[in-house]
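Taken together, the values in this text are just the output of simple stated rules run on the coordinates, not laboratory data. Since the model is a prediction, treat every value here as computed from it, not as a measurement. With ideal geometry, Cβ positions are generated from the backbone for all residues, glycine too; neighbour counts draw on all protein chains shown.
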Amino acid sequence: MSKKIKLQNIYAGQLVVTSNSPEAQVRTVESVEGFMVTLTWYEGTNQCIQGVDYSLLSVPTIEQIEYSISNHGRLANMEDVKDVALLIG
């Protein structure tokens, strides 16, 4: 089971999930504004972006990370986070 993350512990580049499902998509934090967190991740070669309330975020398990990479492709990294900032900034 994934562990919930407190708002003050969320930072850019952090890996997170929004579900306890073993098949959860692992996402990367792009930014935090108030209670809203912008996330980025890859589905194949497509980079995706979504805003969610911080209360939905948990620390991913190793199994979730492995599943996400195996089934959706690479995880977003700090370079990808910078790219998102340019797109939405």
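Observations, loosely collected:
- Residues of type aspartates and glutamates that residue 6 reaches as a straight line, Cα spacing below 12 Å, ignoring anything fewer than 8 places off in the same chain: 53
- Theoretical ellipticity at 222 nm over the chain - DSSP helices of four or more residues, -39500 (n - 2.57) apiece, nearest 500: -7500 deg cm²/dmol
- Residue 63-residue 77 pseudo-label distance in nm [points 7 Å out on the Cα-to-Cβ vector]: 2.8
- For the chain, modelled as a GNM whose springs connect Cα atoms under 10 angstrom apart, the maximal fluctuation among 31, 58, 70 occurs at 70.
- Binning the C-alpha pair distances of the chain at 10 Å intervals from 0 yields a P(r) profile of 19, 54, 26, 1 %, listed from the shortest bin outward.
- Within a Gaussian network of the chain (alpha carbon springs, distance under 10 Å), most fluctuating of 17, 52, 26: 52
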